[in-house]
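Read through the structure below, which is laid out as structure tokens, and then see the notes.
Here, each number is a calculation from the coordinates, and none is a lab measurement. Please read these numbers as outputs of a predicted model, since none were measured by experiment. All Cβ positions, glycine included, derive from the backbone under ideal geometry; neighbour counts span all protein chains shown.
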Amino acid sequence: MDFFTKIVEFIHSTQVLQQLKEVDAAGLFTNPWFLVPFICLIGYLLYKQDFKEIILIIIGFGCWHISGTEYMNTLIVDDEIQLEKVLPVVFGAAVILGIIIYMYFGKSD
């Protein structure tokens with residue numbers, strides 16, 4: 001347990017969660033230091049026809065975008081979870097997990 005406590009303390013000391021919340025998406029996708037390697041990665045994956053990885057990248061960016069919406073900020077109000085708002089999020093996560101499991105384990109190439 002002490003090991004996990006140290007990891008949590010490290011994450012809080014580096015303020016990673018706060019930095020993720022304050023990311024400027026428009027600035028990120030106009031920054032050439034991010035955009036050029038990202039386009040090269042997508043181009044390479046298209047060249048290899050590795051659509052599973054492209055779908056995972058799209059899912060990752062989609063989850064990142066959705067986590068910063070106002071809807072996600074209203075899931076907890078006055079230290080109480082709003083069940084009617086959490087259920088669609090859980091259903092969406094289950095669908096995404098089902099897609100990922102199907103891509104890697106359900107069908108053959």
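Going through the range 22-57 one residue at a time, which ones are surrounded by 11 or more Cβ atoms within 10 Å (Cβ to Cβ) and charged (D, E, K, R)?
ASP50, LYS52, GLU53
Just give me the residues in the range 58-104 being assigned to a loop (DSSP other than H, G, I, E, B) and in contact (Cβ under 8 Å) with a residue 40 or more places away in the chain, in sequence order.
Hit for the range 58-104 is GLY68, nothing else.
Going through the range 69-100 one residue at a time, which ones are β-branched (Val, Ile, Thr) and surrounded by 12 or more Cβ atoms within 10 Å (Cβ to Cβ)?
Scanning the range 69-100 gives ILE76, VAL86, VAL89, ILE96, ILE99, ILE100.
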